[in-house]
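Beneath this line is the structure, given in structure tokens, with notes to follow.
The values are calculated or read from the model by the stated rules, or taken from the named source; none is laboratory data. All values reported here derive from a predicted model rather than from experimental measurement. Backbone-built Cβ (ideal geometry, glycine too); neighbour counts: all protein chains shown.
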Ligand SMILES: [Zn+2]
Ligand SMILES: [Zn+2]
């Protein structure tokens, strides 16, 4: 037996002995778990590592399916970002979605998806984890243009394979949204314990081409009263213009709380009640109702997807895009 082979066997033995302990003690720290532990045969010299798998809960099929991470990411990109976006924006999304997934992966000390039944790492519910589309059914019926888009998305995933966004060596909480409308939001404005150095509010000049950049939404006063009286005991009389005031503003210039006739409703709740694209808004009192002027779509934290597309149009690459929306972060490989 050669010295090389002895060393390889020793290395495998160490990994087999230590990994179960490492997997439970990571606690959010980031260490690449070798796949040579229980289910996969040891990697021989000259062979590629086994692909990392995740347990995806498919909400459409109501079951958990094991799937290779990189294959899963193709379906995420198809569902979460228009495939017509610039290649560098698609690559930024691939890195961000990979990072988001690994933060939840149980093998990496993540909690998995807490909504799905069973021990799923992530679900395909867009309002909970990440949307996902089966690439085959997504592409079925696409013409030549669709095929070309699919090819670009595949390239975006392949060209960033194994890359994540990290802050001081650890993968970040890689949240993202459709359109910030000119300024992203700080995470602590929305989520408890959300103060993170890389999720601060940044000025975004890149998303003006988004269809969600500015919207005018007319809410009849009767609907306003109805929406509030369903869930909130607010004294809004039907047919009357209610006295409104921004009670608190977020660092990103969104409505943190709105005061209506002296009662206060949180921005998040306001958005849910009125089904608004965002909490970045101003209004005008009109005879027929409240005319809202909204900016952007989504919570506004982290990557602005239309902004990523706009930045790519101006020649920024995916690493620059990620460093812009997550200050202090950089793109690194998975693990050591
Ligand atoms: Zn989920
Ligand atoms: Zn933006």
Next on the checklist: Please go through (1) within 16 Å of ligand 1 (Cβ to nearest atom); (2) out of contact with any strand residue (DSSP E or B) (no Cβ under 7 Å at 6 or more places or on another chain); (3) over 17 Å from residue 334 (Cβ atoms); (4) at pLDDT 90 or above for residue 100 and return the number of the only condition it doesn't satisfy.
Outcome noted: (3)
Checklist entry - Does residue 142 meet the test of being away from ligand 2 (no atom under 16 Å from the Cβ), at negative phi and either at pLDDT below 95 or in a helix (DSSP H, G or I) (or both)? => result yes
Next on the checklist: Looking at the structure I just gave you, is residue 280 at pLDDT 90 or above, within 16 Å of ligand 2 (Cβ to nearest atom), in contact with a strand residue (DSSP E or B) (Cβ under 9 Å, 6 or more places away or on another chain) and outside the structural domain of residue 188 (by TED's automatic domain parsing)?
Outcome noted: yes
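Tell me which residues, restricted to the stretch 273-285, are free of Cβ contacts under 8 Å to residues at least 12 places away in the same chain and closer than 21 Å to residue 251 by Cβ.
Within the stretch 273-285, the subset free of Cβ contacts under 8 Å to residues at least 12 places away in the same chain is 275, 282, 284.
Passing the criteria: only 282.
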Next on the checklist: Can you pull out every residue in the stretch 276-299 that is surrounded by 13 or more Cβ atoms within 10 Å (Cβ to Cβ) and in a strand (DSSP E or B)?
Outcome noted: 281, 283, 289, 290, 291, 292, 293, 294, 295, 297
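Quick one: which residue in 319, 313 is away from ligand 2 (no atom under 11 Å from the Cβ), surrounded by fewer than 24 Cβ atoms within 10 Å (Cβ to Cβ), at pLDDT 95 or above and under 16 Å from residue 171 (Cα atoms)? Give the steps one after another, and end with the answer.
Numbers: 313 fails: under 16 Å from residue 171 (Cα atoms).
Within the list 319, 313, the selection yields 319.
Please count how many residues of the stretch 81-99 are away from ligand 2 (no atom under 16 Å from the Cβ), buried (at least 21 other Cβ atoms within 10 Å of the Cβ) and farther than 15 Å from residue 68 by Cα. Reasoning before the result, please.
Here is the first cut: in the stretch 81-99, the residues away from ligand 2 (no atom under 16 Å from the Cβ) are 83-84, 87, 90-91, 94-95, 97-99.
From the residues that got through so far, the ones that are buried (at least 21 other Cβ atoms within 10 Å of the Cβ) too are 90-91, 94-95, 97-99.
After this cut, where a residue has to be farther than 15 Å from residue 68 by Cα as well, the list is 90-91, 95.
Of the residues in the stretch 81-99, 3 are away from ligand 2 (no atom under 16 Å from the Cβ), buried (at least 21 other Cβ atoms within 10 Å of the Cβ) and farther than 15 Å from residue 68 by Cα.
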Checklist entry - Inside the stretch 168-188, can you point out the residues that are surrounded by 18 or more Cβ atoms within 10 Å (Cβ to Cβ) and out of contact with any strand residue (DSSP E or B) (no Cβ under 7 Å at 6 or more places or on another chain)? => result 173, 186
